[in-house]
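The structure under discussion appears below in the form of structure tokens.
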Protein chains: 2
Amino acid sequence: MAKKEKGNRVRDALRAGGALPDPASSPVGPGKKDKGAKKLASAGERLAALQEALYAEGAGGGERSVLLVLQGMDTSGKGGTVGHVLGLVNPMGVQYAGFKKPTAAERRHDFLWRIRRRVPTPGHLGVFDRSHYEDILVPRVSGLLTAAERRRRYREINAFEQELTDAGTTLVKVFLHISPEEQLRRLTARLERPEKRWKFDPSDVLSRRHWPAYQQAYADLLDRTSTGHAPWYVVPADRKWYRNWAVAELLSETLAELDPQFPEPAYDVAEQLAALKGVGASG
Amino acid sequence: MAKKEKGNRVRDALRAGGALPDPASSPVGPGKKDKGAKKLASAGERLAALQEALYAEGAGGGERSVLLVLQGMDTSGKGGTVGHVLGLVNPMGVQYAGFKKPTAAERRHDFLWRIRRRVPTPGHLGVFDRSHYEDILVPRVSGLLTAAERRRRYREINAFEQELTDAGTTLVKVFLHISPEEQLRRLTARLERPEKRWKFDPSDVLSRRHWPAYQQAYADLLDRTSTGHAPWYVVPADRKWYRNWAVAELLSETLAELDPQFPEPAYDVAEQLAALKGVGASG
């Protein structure tokens, strides 16, 4: 069992509220890359141990789970976070769901329909790579959502997340915050490097034209949906090593607070040990 | 793009056929733990790069996927393999499916029903932790399957796997081969260590009583279902580091042979670079 983590230092420091931090800053934790890498490794070990305990708790009938929601502008590092942070725990316990532009079939349902189908099952660490929040951001910036519809979606999202929380799922909602300059560097790299070109989509350039509108939409969204039961965290994401460390710590702190418990065996240990020794299997 | 791997040295050496190897042997590759750890790291890097290319190929419309099927006696290391080998690639590209004793609802369907629902989607690396093969092994050893039913299931499995192969899924079927002595050590450790007890089930002791019957059932199964399109590999699994290296190499060789291709961009690169530079987004 992992050493129990004290406090909620990183969660407190990164919780949404007020002005957004500098995307290249370290509001908490390591300020330099080499230190960040070391701290990521130790956060990763804690996270892997805690996640194993959560998985065991679930296997024993426990109902709790954790859901990491990743949002951010194109190139903000959602996929990289999945690889570098979720890659630290056993894939058995991870349930990944990526949400792209809704399909025709999905659009015939309520916007939460496809989301509900992918919430993590007990004992698991779910990851949403984009999420129901896209269904406010994109139509809003495109001018396809009235203010009344937007308020209704906020209400529905808050109710949905309350429902998840009540059912035993702890949400960790992360906004990966990058600067437009860093995005330009990353989009340019995607175009210049042949093995990165598949990640680029011409719509990325169009979205970039709406940068201020998206920042406004995010600010409003953070304000309206950062609730007591499902707060948002803002992670400065211009530096990948800081982003990875911060997300690993947010998850690790959250899991430590849940303090998942290995289930008590439903059998008699001494009896089974005796039975085991009495059975001389040989190949 | 990963360096293309030559040949199929590990696959040839571990392919099922004839007598089973010593569970503590190294039929191919490293014979010592420290060398094995180094070679696992380099196999892991190749595997991660190849898997990213497969994922990209799938994102670009490609239909190919890979399915690792893990079978073996209790404690043979299926979960550990998932953690140590699949944990080396981005969780975005991994689809894990564990199959336990069928539920009442599942038993009302054909035995392949629940399996078909979990085959990997294009671009993904699927993992079956136990599989359709349990539906021959367990009922056979329990005396619940007639010889005629067994033959029918073999036929159905071979046809199913041919269908998967035709649809673009390459199967890598791995039997993790441990000795009864090593199983005794591992089961004892599960009982003696409180944080391992949740992995133990009293039925493990009962299965152990049928060790020779299971070995016989496995030998027959390997013989009947190691086909040209979906061969079995036997991995000596008494030593965890060897098992991890061998499975990583089997996957890496298989993916290298598939030689997944990053898709060609559907846009004009120079045009997009110009558009990108012309857009002065600022926050």
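The values are calculated or read from the model by the stated rules, or taken from the named source; none is laboratory data. None of the values given here were measured: they were computed from a predicted structure. Please note: Cβ atoms are built from the backbone with ideal geometry, for glycine as well, and neighbour counts cover all protein chains shown. Note: accessible area is taken over every heavy atom of the protein model, side chains too, but ligands, DNA and RNA are not part of it. Shrake-Rupley method; radii C 1.70, N 1.55, O 1.52, S 1.80 Å.
Across the copies of the chain, B:Leu206 has label points (7 Å from Cα along Cα→Cβ) spaced 6.1 nm apart, shortest distance listed first.
Summarising the amide proton neighbourhood of B:Val127: residues at separation of 5 or more, or on other chains, whose placed amide H is nearer than 5 Å comprise B:Leu68, B:Gln95, B:Tyr96, B:Ala97. The long axis of helix A:180-192 is offset from the longest Cα principal axis of chain A by roughly 80 degrees. Mean partner shielding of peptide A:175-185, defined as the number of other chain Cβ atoms within 10 Å of each residue Cβ, is 2.
As a calculated quantity, the FRET efficiency between A:Asp220 and A:Ala105 at R0 = 35 Å, using C-beta atoms, amounts to about 0.75.
Taking amide H positions as modeled 1.01 Å from N, with prolines and chain starts lacking one, the residues under 5 Å from B:Thr170 and 5 or more places away or on another chain are B:Ser65, B:Val66, B:Leu67. Comment: the Cα-to-Cβ extended label point of B:Pro263, at 7 Å, lies 4.2 nm from its counterparts in the other copies, nearest first.
Report the charge-dipole magnitude of chain A in Debye, nearest 20, computed about the Cα centre from +1 at each Lys and Arg Cβ and -1 at each Asp and Glu Cβ.
1120 debye
Backbone amide hydrogens, once placed in the peptide plane, bring B:His177 within less than 5 Å of B:Val235, B:Ala237, excluding anything fewer than 5 places away on its chain.
Take each residue of peptide A:270-278, count the partner chain Cβ atoms within 10 Å of its Cβ, and average: the result is 5. Angle of helix A:240-258 to the longest C-alpha principal axis of chain A, folded into 0 to 90 degrees and rounded to 10: 50°.
Calculated FRET efficiency, A:Asp268 to B:Glu45, Cβ-Cβ distance, R0 = 35 Å: about 0.15 to the nearest 0.05.
Calculate what fraction, in whole %, of the accessible area of the protein assembly as shown sits on carbon and sulfur atoms when a 1.4 Å probe is rolled over the protein chains. Answer for the protein assembly as shown is 50 percent, counting heavy atoms of protein chains only. Accessible area buried by the pairing of B and A, both sides summed with a 1.4 Å probe, works out to roughly 4200 Å². Would you give the gap between the C-alpha center of segment A:265-279 and the C-alpha center of segment B:114-164, rounded to a whole Å? What the calculation gives is 32 Å, centre to centre.
Spin-label model, B:His229/B:Lys35: points 7 Å from Cα along the beta carbon direction are separated by 3.9 nm.
Couplings 3J(HN,Hα) of segment B:194-199, computed from phi: x, 7, 10, 5, 5, 7 Hz, in residue order, whole Hz [Karplus 6.51 cos²θ - 1.76 cosθ + 1.60, θ = phi - 60°; x for Gly and Pro]. Restricting to chain B, compute how many DSSP beta bridges are antiparallel as a %, nearest 5. Looking only at bridges with both residues in chain B, the antiparallel portion is about 5 percent.
What does the net charge come to around A:Ile136 if you take all other residues with beta carbon closer than 14 Å to its beta carbon, with K and R at +1 and D and E at -1?
Around A:Ile136, the surrounding residues sum to +1.
Solvent exposure of A:Lys199, expressed as accessible area, is near 70 Å², computed with a probe of 1.4 Å over the protein chains only.
Using the Karplus relation 6.51 cos²θ - 1.76 cosθ + 1.60 with θ = phi - 60°, the per-residue 3J(HN,Hα) values for segment A:213-230 come to 5, 5, 4, 5, 5, 5, 4, 5, 4, 4, 5, 7, 10, 8, 9, x, 7, 8 Hz, with x marking Gly and Pro.
When A:Lys240, B:Lys78 are compared by accessible surface with a 1.4 Å probe, the order from highest to lowest is A:Lys240, B:Lys78. With the label put 7 angstrom out from Cα along the Cα-to-Cβ vector, B:Arg185 ends up 5.0 nm from the copy partners, going from closest to farthest. Charge dipole (Cα centre; +1 on Lys/Arg Cβ, -1 on Asp/Glu Cβ; no other charges) of the protein assembly as shown amounts to roughly 420 debye.
Between B:Glu257 and B:Glu149, the contour length at 0.36 nm per residue exceeds the Cα-Cα span by 35.3 nm.
Largest GNM mean-square fluctuation among A:Glu161, A:Glu249, A:Glu181, using chain A with Cα springs under 10 Å: A:Glu181. Modelled this way, with points 7 Å down the Cα-to-C-beta line, the labels at A:Leu112 and B:Arg209 are 5.1 nm from one another.
Computed from backbone phi with θ = phi - 60° and the Karplus coefficients 6.51, -1.76 and 1.60, the 3J(HN,Hα) list for segment A:153-166 is 5, 4, 4, 5, 5, 4, 5, 4, 6, 5, 4, 4, 4, 4 Hz; x is used for glycine and proline.
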